[in-house]
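K.L.:
Got a structure for you, written out below as structure tokens; questions coming shortly.
The values are calculated or read from the model by the stated rules, or taken from the named source; none is laboratory data. Just so it is clear, the model here is predicted, and its values are computed rather than measured. Note that each Cβ is placed from the backbone with ideal geometry, even for glycine, and that neighbours are counted across all protein chains shown. These area figures cover heavy atoms from the full protein model, side chains too; ligands, DNA and RNA do not enter into them. Shrake-Rupley method; radii C 1.70, N 1.55, O 1.52, S 1.80 Å.
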Amino acid sequence: MDLELRLDAVIIAVTDGAPRVLGVSNPERARWSLPSATLSDEATLDLAVRAAIEEQAGLEVSYVEQLYTFGDVARRQDRRTVSIAYLALVQETELLVGAEWLGYYDLLPWEDHRSGTHPLIESTIEPLLIAWAGQSEERLARVSVAFGDAFDGVRVLDRYELMYEANLVDEWWADQRLEVTSPVFGESMHLDGRRIAATALGRIRGKLSYRPVVFDLLPESFTLLELQRCVEALAGVQLHKQNFRRLIERAGLVEGTGERAAHGGRPAELFRYRPEVQLERSRLGVGQPYR
């Protein structure tokens, strides 16, 4: 069996309340890929990933963290592709030709609950999953936990895996080398790109409650509304405005700059992140979006 080792990168940005992930094109493929590299002469895997991102997208990233290692042989019968995935948060910038910011919820539309439960779930996805589950109590329980009324935003990978197993994403058909003959949902990616992107989104959502990751996605100064919209974009749920602002103020995560935004009828006050808060508190998140 052939073995391929890859380094893949999930680069996340949020622009105008829209979560995005960086994709790169390849003339030989019809689908977007994540920026990726093979083993090179770089001193570390981190450096190899950074070099690949700069070469393929023209983007420099200062910090990357290892996300997970993927390598399920059952997905592809003739080879095992092992991917060591990395994650980075950036502010959206112009990219090289062949790279593009993709809408996260174009890839995983069922994850966007900012206007309530996504209509696709109740109308189409859940009935198809229940039909797939049949009389299996184990399968029915998985569907209930992943897509039930109590939306747990962190279970992004669980939901994608269910969709894959039920043949509801294009990647299952591609892996089996079969023509698509049933409904599939979301824009597909090459190899395990969407699976890795789902894992990254779940990781970020989990960190919202205890790490100040959201501030890596914002400019140096921002309004509280921009901060809230950024959190909502990642969490996939809408937050109560006054409760969110009270939480941010009590946590001491931000401070006023004394300036106001240049746009809008009534310019809002601008704030900045207080890095010294890391010396004051052990949990530096923006609350628990999923309750």
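K.L.:
I need the trypsin sites (Lys or Arg not before Pro) found in the range 91-187, filtered to DSSP loop residues with at most 13 other beta carbons within 10 Å of theirs.
P.N.:
On the way: sites: Arg114, Arg139, Arg142, Arg155, Arg159, Arg177; in loops: Arg155, Arg177.
Those that pass, being in a loop and sparsely packed, are Arg177.
K.L.:
Farthest toward the dipole's positive end in the range 151-291, which of Val254, Gly193, Leu157, given Cβ charges of +1 (Lys, Arg) and -1 (Asp, Glu) about the Cα centre?
P.N.:
Projecting each Cα onto the dipole axis, the largest value belongs to Val254.
K.L.:
Order Tyr105, Tyr63, Tyr273 by their accessible area, 1.4 angstrom probe, all chains in place, largest first.
P.N.:
Tyr63, Tyr273, Tyr105
K.L.:
Tell me the per residue accessible area of the range 53-208 using a 1.4 Å probe; a whole number in Å² is fine.
P.N.:
46
K.L.:
For the chain, which DSSP H helices look membrane-span-like by this rule: Cα extent along the axis of 24 Å or more and mean Kyte-Doolittle of at least -1.0? It would help to have the intermediate numbers written out before the result.
P.N.:
Values: long enough: none.
Helices meeting the span and hydropathy rule in the chain: none at all.
K.L.:
Using a simple spin-label model with points 7 Å from Cα along the Cα→Cβ vector, what separation in nm is obtained for Glu249 and Glu220?
P.N.:
The modelled label-to-label distance comes out at 2.7 nm.
K.L.:
Express the carbon and sulfur contribution to the solvent-accessible surface of the chain as a percent, rounded to the nearest whole number, probe 1.4 angstrom.
P.N.:
Values: 6910 of 14740 Å².
Whole-percent figure for carbon plus sulfur exposure: 47.
K.L.:
Determine the shape class of the range 221-265: with a ≥ b ≥ c the square roots of the Cα gyration tensor eigenvalues, call it rounded for a/c under 1.5, and otherwise prolate if a/b is greater than b/c, oblate otherwise. The partial results should precede the final answer.
P.N.:
Details: a/c = 2.05, a/b = 1.28, b/c = 1.60.
Cα axes put the range 221-265 in the oblate bin.
K.L.:
Which whole-Hz couplings ³J(HN,Hα) result when phi for each residue of the range 103-109 is put into the Karplus expression 6.51 cos²θ - 1.76 cosθ + 1.60, θ = phi - 60°, listed in order with x for Gly and Pro?
P.N.:
The phi angles translate into x, 4, 7, 6, 6, 10, x Hz.
K.L.:
Taking 30 Å as R0, compute the FRET efficiency from the Cβ-Cβ separation of Glu60 and Leu39 and round it to 0.05.
P.N.:
After rounding to 0.05, the efficiency reads 0.90.
K.L.:
Something else: Measure out, as a whole number of angstrom, how far apart the alpha-carbon centroids of the range 168-228 and the range 83-100 sit.
P.N.:
Using only Cα atoms, the two centres lie 13 Å from each other.
K.L.:
Taking the alpha-carbon centroid of each part, what is the distance from the range 7-21 to the range 242-291 in angstrom?
P.N.:
22
K.L.:
If amide H atoms are built 1.01 Å from N in the plane of the peptide, which residues on other chains or at least 5 residues away come under 5 Å of the amide H of Tyr86?
P.N.:
Asp8, Ala9, Val10, Leu67
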